[in-house]
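Accompanying notes for the structure given below.
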Amino acid sequence: MLLREGVLVGVNQHALLLNLDYIVYQDKELWPILNGHAPVISHHKDACDIWSGICPDFGFSGGTAVWIAEYLGFEQIYICGCDNYMTSRRYWHSKNGDLRVEDGVSNIQAWVKVRDYMKEPEKVRVASGCLTKVFQGL
């Protein structure tokens, strides 16, 4: 997504420091933070600029963003900055040891579900980490 001619899609508030083309989110309490930065895509009809419509509800924003990128016809999709909660803390801004992961969302099977719902998962590229097991070598 850091290509010169690419479209930059951020997930939640984490990428607001970048000049985004779109933002995708699931957690409704983020709407006041995200509103006004870039066109916001969500399944919350009353709290978005673009309703995600037919997109399956994967339960987490990253998977939704990847599915939407494919639906929008992106030729290649690069996943950057996603460690699938495999480090010693949930987010980069969390304290060490703060994992608070949810069953069904914070495991590799959640990404397998995203991949399986895609028509062309081979469009996805992952720089490193655990998601290479899901998307590389298709």
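The numbers here are math on the coordinates, done by the rules we state, and not lab data. Since the structure is predicted, the reported quantities are computational estimates derived from the model, not experimental observations. Here the Cβ is made from the backbone with ideal geometry for all residues, glycine too, and neighbour counts use every protein chain on show.
Here are the numbers:
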{"quantity": "Gain upon complete extension [S128, Q109; 0.36 nm per residue less C-alpha separation]", "calculated": "5.1 nm"}
{"quantity": "Shape of segment 25-68, Cα gyration tensor, a/c cut at 1.5", "calculated": "prolate"}
{"quantity": "Contour excess over end-to-end distance, with Cα ends at N96 and D46 and 0.36 nm allotted per residue", "calculated": "14.5 nm"}
{"quantity": "Nonlocal amide H pairs with I77, under 5 Å, H built at 1.01 Å", "calculated": "V124, R125"}
{"quantity": "For segment 1-54, alpha-carbon Rg over 2.2 N^0.38 Å", "calculated": "1.08"}
{"quantity": "Fully extended contour minus Cα-Cα distance, from C80 to Q13, at 0.36 nm per residue", "calculated": "22.6 nm"}
{"quantity": "Charge context of G10, other residues only, Cβ under 15 angstrom, K/R +1, D/E -1", "calculated": "-3"}
